[in-house]
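Heads up, the thing below is written out as C-alpha cells.
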Amino acid sequence: MADMQQLTQLCLANPVPVIVALVVVIVSVVLALRGSKAAKPFLDPQQFKPLPLIRIDRLTHNTKRFVFALPDPKMCLGLPTGQHITFLAKDDEGKDVYRPYTPTTDDDTLGQVEFVIKVYPSGKMTQIMDRLVVGDTMLMKGPRGRFQYSRNMKKAIGMIAGGTGVTPMYQVAAAILKDPHDTTRISLLFGNLTADDILIKQELDALAEAHPKRFSVYYVLNTPPASWDGEQRLDWWPQRLQGALQCA
C-alpha cells in the first residue's frame, strides 16, 4: 500500500515524464504485436499480382530454377498442397500467354518462392522465362486446381512423372513426409530421356533417405549411360507400376 501511495505521489508531482514513459511503453507494445503477426499470404485467386525475380540457377542444359521474392520476408505464398499457380506474360506480339506452374517450395518457406522450369524451343511461356533477368517481374494468380491434398486421405499414393512434371509430385510428397501425423506411403516413378534430364534428384534422394519406409523413387531412362544402375526404357514400367500402385 505504501509503495502504491509513493507511486501516486510521484505521478502527481511529475505528470509529463510519466505520460511520456507510458506513451513509449504503449507504442513499443503495439509495434511488437504488429511485428509478431504473420503477413497475409501473397496469392489472390481473383487477380494477377507481380513478383520480382531475384535469382536464376541453371540446373541442366535446358532447365533453370527461378527464385521470386515475396513482398514481405515474413510472408508465405498461400498455396495449398496439390494446387498450382497461373503465370501471365506477354509474347513478342503482345498477346497474353498463360501457363500453370507448381513451385518446389511450400508455405513453410517465407519471403520467396522457387520454380524449376524446363525451357522448350517451341514453348511460348518457357521462351519468355528463358529471357528473364534478375529484376524482371512475373504476374501470378492462384491457388488454382481441383485437387487439394488432406492428411491421410489415402493409405498409399503412386505417382508417375516425366521431366518437369515431377514438380507437383515433389510438392505433395514433401508436404506429406514432413507431417508427423501423416502415415501415407508414396512411390514415385520418374522417367526421363537421359540422366542429365533428371530434375531435383538431390531433393528426391534426400526424401527417400530420410523416409525409407514411406517414400520410394524409381528413375527410368530411355537412353541411359553405360554406368547407369537404374532402370531403362518404357517396357520396364508396367511391372514397376503394378507394384507401386497395388496398395494405393
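The values are calculated or read from the model by the stated rules, or taken from the named source; none is laboratory data. No experiment lies behind these values; they were computed from the predicted model shown. No Cβ is skipped: glycine too gets one built from the backbone with ideal geometry, and neighbour counts run over all protein chains shown. With ligands, DNA and RNA removed, areas are computed over all heavy atoms of the protein, side chains included. Shrake-Rupley method; radii C 1.70, N 1.55, O 1.52, S 1.80 Å.
Under the Kirkwood approximation for Rh and a Cα-based Rg, what ratio Rg/Rh is obtained for the range 118-178? My calculation of the ratio gives 1.06.
Here the spin labels are modelled as points 7 Å beyond Cα on the Cα-Cβ line, and at Leu132 and Asp182 they lie 2.5 nm apart.
What does the C-alpha gyration tensor say about the overall shape of the range 80-138? Classify as rounded when a/c is under 1.5, otherwise prolate if a/b is larger than b/c, or oblate.
Details: a/c = 2.04, a/b = 1.74, b/c = 1.17.
Prolate shape, in that a/c is at least 1.5 and a/b is the bigger ratio.
Computed FRET efficiency, Cβ-Cβ of Lys213 and Phe48, R0 35 Å: what is it to the nearest 0.05? The value I calculate is 0.25.
When each of the peptides 75-82, 184-191, 88-95 is scored by the mean number of other C-beta atoms lying within 10 Å of its residues, the order from highest to lowest reads 184-191, 75-82, 88-95.
Provide the gained length on full extension for the span Asp108 to Ala156, in nm with one decimal, where the gain is 0.36 nm per separating residue minus the Cα-Cα distance.
Details: separation 48, 0.36 × 48 = 17.28 nm, distance 2.40 nm.
Using 0.36 nm per residue and subtracting the Cα-Cα distance, I get 14.9 nm.
Remark: relative contact order (the range 48-140) = 38 percent; criterion is Cα-Cα distance under 8 angstrom and separation of 6 or more residues.
Highest average first, the peptides 42-52, 113-123 ordered by how many other beta carbon atoms sit within 10 Å of their residues are 113-123, 42-52. Here the extension length gained between Asn222 and Asn62 equals 55.8 nm, from 0.36 nm per residue of separation less the Cα-Cα distance. Split the accessible area of the range 39-132 by element, probe 1.4 Å, and carbon with sulfur accounts for 51%.
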